[in-house]
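What follows is calculated from the coordinates using simple rules that are stated; it is not laboratory data. As the structure is a prediction and not an experimental result, all values here were calculated from the model. Because the Cβ atoms are built from the backbone with ideal geometry, glycine has one as well, and the counts that use them run over all protein chains shown.
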Amino acid sequence: MRVTVLGNNLTARHFVNYLSETHQSVQISLWTFDVSDYPEFDNVSQYQRYYGSKNLPNALLGSDVVVNLHECTDFSLLPDIGELQLHNVEIVRSILFHIQCPLVHLSTPFIQCSNRWPNVYEPERDPMVYSSQWPFKEYCASKYEAEMLIRDSSNDSYIVRSVPTYGEGDNCSILTDLIYLSNDKSVFSLGDDDGHMQMAYAGNVSMALWNATCKLLSQSTTLDLNESYNDDELSDLVESAENSMKMLGGGGGDLIEKKLGLTPILEEDEDTDLEGCRARHNTVRSSFTGETEHEQKMEENLKLEESGVECDVFDGETTATIMENEPLPVAHSTMLENAIYSSYSSNFETGSSGAEVEKQRVFEIFLINDETPKKTVYNTYGQLLFNGKRGRSPIQYSFIPLYYIYVLFSFLVRFAIQIFGPFRFAKLLPDPSFLYFNFHHWTFFNSTKSVVLLGYKPQSFPESVEKCAKHYRQLRKKDIQLFSWQKSISSGRRNCY
């Protein structure tokens, strides 16, 4: 199985490492917009690397699934609308033009947030509900447009709205901002110990992305499992999807025990979450009622064989395989009619007029977070920010007075820009919403849908801290190249989040 990963932000780097370490049978194609190298990619044993927009079609060629983690963030006072449009919209448009395989796309929960009201345990919702109150209007508008492109496409797709991430390798987040401003001494303390902007460990988000990828492939009917995967890769995929479904209460324990042959089996209930793992194209299963005896089964099997349909019996149920190059046989029995109907219903549905209509594509939106505590940035990440030389400043600045002063200053700067044109220094200043969300506003989400449907079980917060604490404690001001509110993709600079 070939997975194409797009992007080199923190989430993408952790995701590539996760695949390399835990799913070595997966072939990885990695595309990045720039040629920057990261230490995380050095640990990946085998992968194909592509650079630049001209090589994007080459990276997508032959993919079984595409995981698009590429994006541009810009939370500055003067965001670069052209760059946001290029990276967040046009590249997505190009991806959809070049692929016919399933797509997992990274979006942002900011598009369903309000900068006026607390965003407390919000589930997946329509972004247009708070469109007038989006915290970063230009950025959110570009991400929303990308979601609409994917929603209106014909590709089977999952959109993953992931909260901002932290973890080893992080060089551009609110945590690195505070480390930079500390000047390797005392961490600047802003706020009244109120508010929380939810973040997640990048390793946990990577795990959720892989579960989403497996679930999407298990539901998609655009791929032929017989051609796309060998037995080892198919077993790995099905096992991952099976594990992610356990929380739904479905059994399926005998699925992994059976030898995966060239022809997967279709479940009786096409609405189950495992339909795609065992259902592809020409193989159908017809179930018998309790009134059917063994002799009746054998007699009906004989009728099928006489009709030119090869059949077999699995666990008391009959499986009929219809050859692609042969005409469909005439239905001599109710059982055969059901079998033929089931074969078509895997890819088609019957409309009100009786005409066959192509089955609706797979499309879902998931919110992704983890068990990171819902406290202030200082209380939550103190174990990462503070070390023997770097502690929290004893002086704590009240947020509200400073915030409204900055809002007034921002208004004057934007007014001046309309008269005199853009000022370069405005790109170095954060949008007021950036300060509001990180130091005062309450923003965290309800990820029940992803937990239940994807079987997403993140590592605990202490485990996450243990993995990345060394990285943050060793970070120094000289190691940080830009603030997290600045444009993340630019010549010679690296991606954030």
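The packing ranking of peptides 74-86, 205-217, 433-445, highest mean first, is 205-217, 433-445, 74-86, where packing means the average number of other beta carbon atoms within 10 angstrom of each residue. For SER189, the amide hydrogen comes within under 5 Å of the amide hydrogens of SER393, TYR397, counting only partners 5 or more places away or on other chains and with H modelled in the peptide plane.
The Cα center of the range 86-104 and the Cα center of the range 451-475 differ in position by 30 Å.
Look at SER186, SER63 and count the other Cβ atoms within 10 Å of each Cβ; fewest to most, that gives SER186, SER63. Spacing of the modelled spin labels on TYR397 and VAL120, each 7 Å from Cα toward Cβ, amounts to 2.8 nm. Report note on the peptides 372-385, 130-143: ranked by the mean count of other C-beta atoms within 10 Å, highest first, their order is 130-143, 372-385. Quick one: which of LYS375/LYS470; LYS375/LYS478; LYS137/LYS487; LYS215/LYS457; LYS137/LYS477 span more than 19 angstrom between C-alpha atoms? In this structure, LYS375/LYS470; LYS375/LYS478; LYS137/LYS477 exceed 19 Å between Cα atoms.
Rounded, prolate or oblate: which fits the range 6-111 when a ≥ b ≥ c are the square roots of the eigenvalues of the alpha-carbon gyration tensor, with rounded for a/c under 1.5 and prolate only if a/b beats b/c? Because a/c hits 1.5 or more and a/b exceeds b/c, the range 6-111 counts as prolate. Taking 0.36 nm per residue of separation and subtracting the Cα-Cα distance, full extension of the segment from SER186 to VAL407 would add 77.0 nm. Taking other C-beta atoms within 10 angstrom as a stand-in for reagent exposure, GLU147, GLU122, GLU466 fall in the order GLU466, GLU122, GLU147, fewest first. Length gained on full extension, ALA416 to SER94, computed as 0.36 nm times the residue gap minus the Cα-Cα distance: 112.2 nm. When each of ASP194, ASP370 is scored by the number of other beta-carbon atoms lying within 10 Å, the sequence from fewest to most is ASP194, ASP370.
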